[in-house]
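Remarks on the structure that follows.
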Amino acid sequence: MTASVSRQADLRARAEGLFPGGVNSPVRAFRSVGRPPLVLDAGSGARVRDADGRWYVDWIGSWGPALLGHARAEVVEAVRAAALDGFALGATSPREVDLGELVRAAMPSMERLRFTSSGTEAAMSAVRLARGATGRDLVIKLAGGYHGHSDGLLVEAGSGVATLAIPGSAGVPAATASATIVVPYNDAPAVEAAFAAHPDRIAAIIVEPVAANAGVIPPADGYLARLRELTAANGAVLIFDEVITGFRVAHGGAQARYSVTPDLTVLGKIVGGGMPVGAYGGRRDLMDLVAPIGPVYQAGTLSGHPLAMAAGAATLRLLTPEIYAGLEATGAALEAGLADAAAEAGVTVGITRVGSLLTVFFRDGAPANAAQAFESDRAAYARFFGVMLDAGILLAPSQFEAWFLSAAHGPAELDQTLAAARPAFAAAAGR
Ligand SMILES: *Cc1c(COP(=O)(O)O)cnc(C)c1O
């Protein structure tokens, strides 16, 4: 008898022989939910297909970029057209100017901006610029906030760092880590205390205006405005990391939704329409400190790559007010349906949502910060995840991530998800 190995199992085994943990980014592993990682080979709209040909309703959404769903025709066509013009030509291209103007129109606080190839680079560069501008070394970040994997920003980070329950990362020099001050999210007095403890030494606060990497945690009323006041009063730069929230919680990002204007903004994910793009930008006087006109160096061989710019621009052009109204409606229906399903199963959960970002926390009530989020019952989440997956509903393989809704999620995907949620909540409750 010949052993029948599925194509997915074969690819998974080969990946494990190539990549640490079989993945090229830790969040793609399913370790915390006790399942083998999926190998996905296609996506269309709100659905993705594994390498054995099985389709799933996808709530991972490429971890944020897929606001319009997968393989949207206009975006595919824009990338094809860009490819025919040659890939990166090593000089400014019309497509960079096009996307740059679209970004600034959505976020006028980005008077000048620069494209990078990832959110990590953009966040790292924004922090470097803040240090260069202020001549100060210390940076405040929020516990559970994720800003990519640059050394200083990995301290008490969210996303995969939180999922794997590691306090930071090995390999980060102590001196680098000690330049990062970590305070709890939604705790303005802690920020005030940090400024008082280190007068004239804090260059910047970097914050996800809606925390979305410890699960979704909305900002408390007035919190972001208070950060704006405290940074201004202390001569520090306010950096909004809008890699997730940009173009998602509103066309103009969280800064538009909450009417608080940062000095610098970091973008990624949606701005690239599914291609590798990051951006940072903000006040002109700050951005004029970036090379070649200023002393803060930052560069990238493939920055502003035309295929990526084309995908981003095609995506941004499709983001109408109707898209955001639809996302809000889908989000509200999903939230209400999940709350009902949990109540029917007798499970206590805290559901948080900001527009098309949602998390079901297996704990009593919505958390206000990462420490509270981390009190969630991870084993219950793993049981919930497993029943959902077996029913063809793909969630992030971690309690501490968002559900990323897309404009392609319609009534069929909602119904299928909520039907599966009933037995999944029962399983989470141990029945
Ligand atoms: C994903 C993410 C990043 C890092 O972006 P990459 O493109 O993965 O480097 C930074 N900040 C936030 C808020 C993110 O969610």
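The values are calculated or read from the model by the stated rules, or taken from the named source; none is laboratory data. Note that this is a predicted model, so its numbers are computed, not measured. Virtual Cβ from ideal backbone geometry, glycine too; neighbours counted across all protein chains shown. Surface areas here come from the heavy atoms of the whole protein model, side chains and all, with no ligands, DNA or RNA. Shrake-Rupley method; radii C 1.70, N 1.55, O 1.52, S 1.80 Å.
Taking every DSSP helix (H) stretch of at least 4 residues in the chain, weighting each as -39,500 (n - 2.57) and dividing the sum by the residue count yields a mean residue ellipticity at 222 nm of -11000 deg cm²/dmol. Between Ala197 and Ala429, the modelled labels are 4.4 nm apart [label points 7 Å from Cα along Cα→Cβ]. Principal-axis analysis of the Cα atoms of the chain puts helix 306-317 at an angle of about 80° to the longest axis.
Report the charge-dipole magnitude of the chain in Debye, nearest 20, computed about the Cα centre from +1 at each Lys and Arg Cβ and -1 at each Asp and Glu Cβ.
Details: 34 positive and 40 negative charges, 111 e Å.
Here the chain has a charge dipole of around 540 debye.
Packing-based ranking of 60-67, 86-93 yields 60-67, 86-93, ordered from highest to lowest mean Cβ neighbour count within 10 Å. Distant-in-sequence amide contacts of Gly304, defined by a placed amide H-H separation under 5 Å and a gap of 5 or more residues or a different chain, comprise Thr116. Give me a comma-separated list of calculated 3J(HN,Hα) values for segment 149-161, in order, Karplus coefficients 6.51, -1.76, 1.60 applied at θ = phi - 60°, integers in Hz, x for any Gly or Pro. Calculated HN-Hα couplings, in order: 10, 5, 3, x, 9, 7, 5, 6, 7, x, 6, x, 4 Hz.
Mind checking the angle between helix 223-233 and the chain's longest principal axis? C-alpha axes, 0 to 90 degrees, to the nearest 10. Result, in degrees: 20. Roughly how tilted is helix 411-428, in degrees to the nearest 10 and between 0 and 90, from the longest Cα axis of the chain? So the inclination is approximately 80 degrees. In segment 73-317, the DSSP beta bridges split such that about 40 percent are antiparallel, to the nearest 5.
Could you tell me what percent of the DSSP beta bridges with both partners in the chain are antiparallel, to the nearest 5? Could you put the intermediate results ahead of the total?
Values: 26 of 45 bridges.
For the chain, the DSSP antiparallel bridge percentage is about 60.
Here the accessible area of the chain is 56 percent carbon and sulfur, with a 1.4 angstrom probe and all protein chains present. Considering only Ala366, Ala342, Leu40, the residue lying farthest towards the positive end of the dipole of the chain is Leu40, judged by Cα position with unit charges set on Cβ.
Roughly speaking, what is the stretch gain from Val76 to Ala412, that is 0.36 nm per residue apart minus the C-alpha to C-alpha distance, in nm to one decimal? Display every interim value, and only then the final one.
On the way: separation 336, 0.36 × 336 = 120.96 nm, distance 2.41 nm.
Extra length from Val76 to Ala412 when fully extended: 118.5 nm.
Across segment 356-361, coupling constants 3J(HN,Hα) worked out from phi with the 6.51/-1.76/1.60 Karplus curve, θ = phi - 60°, read 9, 10, 8, 9, 9, 8 Hz, and Gly and Pro carry x. One chain, two ends: Ala105 and Ala83. Fully extended at 0.36 nm per residue, the span grows by 5.3 nm beyond their Cα-Cα distance. The Ala177 and Glu344 beta-carbon pair, evaluated with R₀ = 45 Å, returns a calculated FRET efficiency of approximately 0.45.
Kindly report the accessible area of segment 73-317 per residue (heavy atoms of protein chains, probe 1.4 Å, no ligands, DNA or RNA), in Å².
Numbers: 9460 Å² over 245 residues.
Result: 39 Å² per residue.
Projecting the Cα atoms of Gly215, Val237, Leu89 onto the charge dipole of the chain, computed from C-beta unit charges around the Cα centre, puts Leu89 farthest toward the positive end. Backbone amide hydrogens, once placed in the peptide plane, bring Ile181 within less than 5 Å of Val139, Ile140, Lys141, excluding anything fewer than 5 places away on its chain.
Under a 5 Å amide H cut-off, with hydrogens placed 1.01 Å from N, Thr261 pairs with nothing among residues at least 5 apart or on other chains. Note on the chain: GNM, Cα springs under 10 Å; of Ala211, Ala126, Ala345, the largest mean-square fluctuation is that of Ala345.
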